[in-house]
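Engineer: This is the structure I have questions about; it appears just below.
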Amino acid sequence: MRYEEFHRWSLEDPEGFWAEQAKAIHWHVPPQRILDDDNPPFRKWFAGGETNLCHNAVDRHLAERGDQLALVAISSETGVTREITYRELHREVNVFAASLVELGVGRGDRVVIYMPNIAEAVFAMLACARIGAIHSVVFGGFAAHNLALRIDDAEPALLVCADAGMRGGKVIPYKPLVDAALAEAASPPPRVLVVDRGLDPGMARVEGRDIDYAPLRERHLGSEVPVAWLESNEPSYLLYTSGTTGKPKGVQRDVGGHAVALALSMWAIYDIRPGQVMFSTSDVGWAVGHSYNVYGPLIAGATSILYEGLPTSPDPGVWWRICETYGVRTMFSSPTAVRVLKKQDEAWLKRYDLSKFQWLFLAGEPLDEPTARWITDGLGKTVIDNYWQTETGWPVLCLMPGVELKPVKFGSPGLPAPGYRLRVINEVTGEDAPAGEKGVLVIEPPMPPGCLTTVWRNDARFLASYFGHFKDLLYSSLDWAIRDADGYTFILGRTDDVINVAGHRLGTREIEEAVASHPAVAEAAVVGVQDDLKGQVPIVFATLKAAGSDPADAATGMLRSVVDQLGAVARPSRVYVVGALPKTRSGKLLRRSLQALAEARDPGDLSTLDDPAALDEVKRALARGSDA
Ligand code: AMP
């Protein structure tokens with residue numbers, strides 16, 4: 001079937017389409033209704049059906065692929081690689097589930113998981129799914145206050161953590177942050193289960209609250225815990241994501257819709273069949289980690305590679321070496337990671353046997369054309385940009401090599417994924433924007449399976465955040481987009497990041513593209529800052545590829561690139577060349593902090609900041625003055 005036909009089928013006959021896709025997973029009780037759309041924008045997929053994520057990810061594969069690798073957990077930090085078959089995964093998940101049960105965790109209880117990218121994080125997630133507990137993985141890079149906010153919203157019965165993670169050869173203790181978060185939280189869980197990796201010998205334990213996993217595991221070795229059959233729409237997990245307010249939103253996912261959407265995406269989008277190997281470089285704390293390090297590949301009967309460490313350590317060939325060793329077919333990473341590699345010798349891309357490697361998918365942020373070209377040419381493989389959000393849990397825009405690979409257009413994440421009826425609409429009139437004209441990307445209800453079902457215990461916030469912007473209960477992505485005549489969508493950045501220069505609306509994203517197209521530039525961030533004359537003006541913070549280039553020359557070149565490509569209206573008023581840009585641990589640029597610093601305001605919440613030195617660099621650059 002061709003892409004257009006496949007997508008049309010999903011929209012014209014959603015119930016037929018999704019009933020067909022639902023056959024890919026095991027149902028203990030088949031769905032009674034494929035779509036219950038009686039109360040939009042809430043919707044129930046596969047209503048009345050009973051299934052279980054852990055059963056689909058693990059037990060179901062034992063007969064056919066018990067000895068196949070399910071999970072390969074590689075840490076370039078500790079130097080340890082763990083190869084885990086489906087049979088071993090089944091054993092470990094059962095042991096973990098038995099431990100949870102012993103600690104009093106049951107169906108519907110929340111379990112907060114605060115761990116680095118190690119196999120036990122996957123065991124813990126699957127163990128929760130097995131017994132019907134709702135996991136909420138909190139990214140290990142979040143500090144104690146963020147963790148406390150999430151704990152107070154989720155009100156967990158248990159917190160599972162590790163003693164520490166490692167990054168760049170440095171031990172990063174997790175447990176002290178847990179202790180601090182629990183001291184701050186209003187509803188701390190009564191128990192903390194600690195996976196002690198032996199990285200932090202001085203780790204403190206709270207008597208009566210903290211429990212070591214190792215002895216518990218010993219005690220439960222060989223235990224089997226029956227799976228809890230859940231109604232398709234019961235919550236499977238919560239994943240907190242930042243909104244415009246300071247309080248994170250608990251994106252709530254269901255069970256059946258989630259499993260079916262992932263099963264479809266694995267073959268249709270990521271082109272992975274049972275027995276093949278997928279390597280996602282994400283952290284388990286992000287939506288990508290949930291969908292494509294844990295549930296997706298395992299539901300598909302594939303092998304998933306989990307990686308703890310940097311892309312450049314012990315050397316910039318580490319990821320490609322992993323691809324060679326395990327015969328990776330599909331890799332999933334982020335544009336930021338590629339830009340990190342872009343600063344290294346390109347020869348690393350050519351050093352390994354990538355004959356099994358087919359696709360590199362990149363997501364999470366805009367993929368600029370120079371970066372896309374660099375990695376495409378360097379690897380000699382197809383690089384596919386895909387666009388989605390924590391809320392959707394799987395791609396909204398992508399190309400689908402498992403169905404039919406449409407041509408890649410640099411700068412665009414492509415075409416609608418199945419089940420998504422997408423529109424680009426004018427934010428003032430609410431009418432469809434013509435091809436080539438900018439608007440807001442929205443999803444027409446019903447949202448397909450896999451997308452969030454609500455905000456945890458806050459239907460009102462779910463409605464107001466996403467459905468309160470336009471009529472007809474359209475879901476607003478809060479992203480600007482343009483659709484071209486071929487139906488390819490280009491994402492121009494968040495609706496909350498636009499700047500207005502002398503009455504002209506400009507996407508900082510568009511200016512960044514122009515700046516980054518200058519050959520000396522590695523990465524650029526553009527923010528709008530207040531200007532007495534023009535309202536706002538764009539300013540540029542950029543890092544250079546080679547440390548030796550002359551900052552003033554490069555800065556002048558960047559201005560020229562912008563004026564050449566976008567016109568004088570977009571000309572940045574200042575350019576600051578810095579050694580590093582401030583980013584979150586997930587690689588998102590902290591534009592708001594940059595903007596605040598440039599406006600001599602408080603940089604705001606810096607708890608997700610990856611490298612404090614980058615912020616100091618920016619402050620110094622601002623004090624020094626523009627390089628152009
Ligand atoms: P998150 O929920 O943290 O993954 O962030 C989702 C947001 O990241 C989206 O609303 C977009 O603004 C941005 N995003 C994700 N993927 C892409 C992509 N492929 N191209 C452009 N922006 C993206």
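Engineer: Scanning region 372-398 for residues that are of a type outside the set (A, V, I, L, M, F, W, C) and part of a loop (DSSP other than H, G, I, E, B), which turns out farthest from the ligand (Cβ to nearest atom)?
Structural biologist: For region 372-398, the residue satisfying everything is 380.
Engineer: Also, quick follow-up: Could you grab me the full set of residues in region 309-334 that are buried (at least 21 other Cβ atoms within 10 Å of the Cβ) and either within 16 Å of the chain's Cα centre (by Cα) or touching a residue at least 60 places away in the same chain (Cβ under 8 Å) (or both)?
Structural biologist: Once the filter is applied, which keeps residues that are buried (at least 21 other Cβ atoms within 10 Å of the Cβ) and either within 16 Å of the chain's Cα centre (by Cα) or touching a residue at least 60 places away in the same chain (Cβ under 8 Å) (or both), region 309-334 yields 309, 322, 330, 331, 332, 333, 334.
Engineer: Can I ask one more? Name the strands (runs of 3 or more DSSP E) wholly within region 129-226 that hold at least 1 residues that are among the small types (Gly, Ala, Ser) and crowded, with 22+ Cβ neighbours inside 10 Å?
Structural biologist: Once the strands (runs of 3 or more DSSP E) in region 129-226 are filtered for at least 1 residues that are among the small types (Gly, Ala, Ser) and crowded, with 22+ Cβ neighbours inside 10 Å, what remains is 134-137, 158-162, 164-167.
Engineer: Being among the hydrophobic types (A, V, I, L, M, F, W, C) and farther than 16 Å from residue 170 by Cα is the filter here; which residues of region 308-329 pass it?
Structural biologist: 318, 319, 320, 322, 323, 328, listed by residue number.
Engineer: Right, residue 543: of a type in the set (S, T, N, Q) and surrounded by fewer than 17 Cβ atoms within 10 Å (Cβ to Cβ) or not?
Structural biologist: No: the conditions fail for residue 543.
Engineer: Checking residue 331 against (1) in a loop (DSSP other than H, G, I, E, B); (2) within 16 Å of the ligand (Cβ to nearest atom); (3) touching a strand residue (DSSP E or B) at 6+ places or on another chain (Cβ under 7 Å), only one condition comes out false. Which one?
Structural biologist: The number of the failed condition is (1).
Engineer: Which residues, counting only those in region 399-411, are surrounded by 24 or more Cβ atoms within 10 Å (Cβ to Cβ) and either in a loop (DSSP other than H, G, I, E, B) or within 13 Å of the ligand (Cβ to nearest atom) (or both)?
Structural biologist: Across region 399-411, the qualifying residue is only 399.
Engineer: Could you please let me know if residue 462 is assigned to a helix (DSSP H, G or I), at pLDDT 95 or above and out of contact with any Cys (no Cβ under 9 Å at 6 or more places or on another chain)?
Structural biologist: Considered against the rule, which asks whether it is assigned to a helix (DSSP H, G or I), at pLDDT 95 or above and out of contact with any Cys (no Cβ under 9 Å at 6 or more places or on another chain), residue 462 comes out as yes.
Engineer: Between 557, 587, 579, 604, which is within 16 Å of the ligand (Cβ to nearest atom) and either small (Gly, Ala, Ser) or part of a helix (DSSP H, G or I) (or both)? Quick ask: steps written out before the conclusion?
Structural biologist: Values: 557 fails: within 16 Å of the ligand (Cβ to nearest atom); 579 fails: within 16 Å of the ligand (Cβ to nearest atom); 604 fails: within 16 Å of the ligand (Cβ to nearest atom).
Sole residue among the options that is within 16 Å of the ligand (Cβ to nearest atom) and either small (Gly, Ala, Ser) or part of a helix (DSSP H, G or I) (or both): 587.
Engineer: Being free of Cβ contacts under 8 Å to residues at least 60 places away in the same chain and part of a strand (DSSP E or B) is the filter; apply it to region 1-40 and report the residue that is farthest from residue 273 (Cα to Cα).
Structural biologist: Restricting to residues being free of Cβ contacts under 8 Å to residues at least 60 places away in the same chain and part of a strand (DSSP E or B), the top hit is 36.
Engineer: Of all residues in region 344-371, which are away from the ligand (no atom under 13 Å from the Cβ), part of a loop (DSSP other than H, G, I, E, B) and not basic (Lys, Arg)?
Structural biologist: Answer for region 344-371, where residues must be away from the ligand (no atom under 13 Å from the Cβ), part of a loop (DSSP other than H, G, I, E, B) and not basic (Lys, Arg): 344, 345, 352, 353, 354, 355, 357, 358.
Engineer: Something else: Being among the basic types (Lys, Arg), more than 14 Å from residue 184 (Cα to Cα) and in contact (Cβ under 8 Å) with a residue 24 or more places away in the chain is the filter here, so list the residues in region 138-170 that pass it.
Structural biologist: Hit for region 138-170 is 167, nothing else.
Engineer: Select from region 412-439 the residues that are among the small types (Gly, Ala, Ser), surrounded by 15 or more Cβ atoms within 10 Å (Cβ to Cβ) and either more than 15 Å from the ligand (Cβ to nearest atom) or touching a residue at least 60 places away in the same chain (Cβ under 8 Å) (or both) and list them in ascending order.
Structural biologist: 412, 414, 417, 419, 430, 433
Engineer: Does at least one position in region 509-527 carry a residue that is assigned to a loop (DSSP other than H, G, I, E, B), closer than 22 Å to residue 396 by Cβ and at pLDDT below 95?
Structural biologist: Restricting attention to region 509-527, the residues satisfying the condition of being assigned to a loop (DSSP other than H, G, I, E, B) are 517-520.
Of the ones still in play, those that are also closer than 22 Å to residue 396 by Cβ are none.
No: zero hits.
The values are calculated or read from the model by the stated rules, or taken from the named source; none is laboratory data. Being a predicted model, the structure only gives us computed values, none of them experimental. Here Cβ is always computed from backbone atoms with ideal geometry, including for glycine, and neighbour counts include all displayed protein chains.
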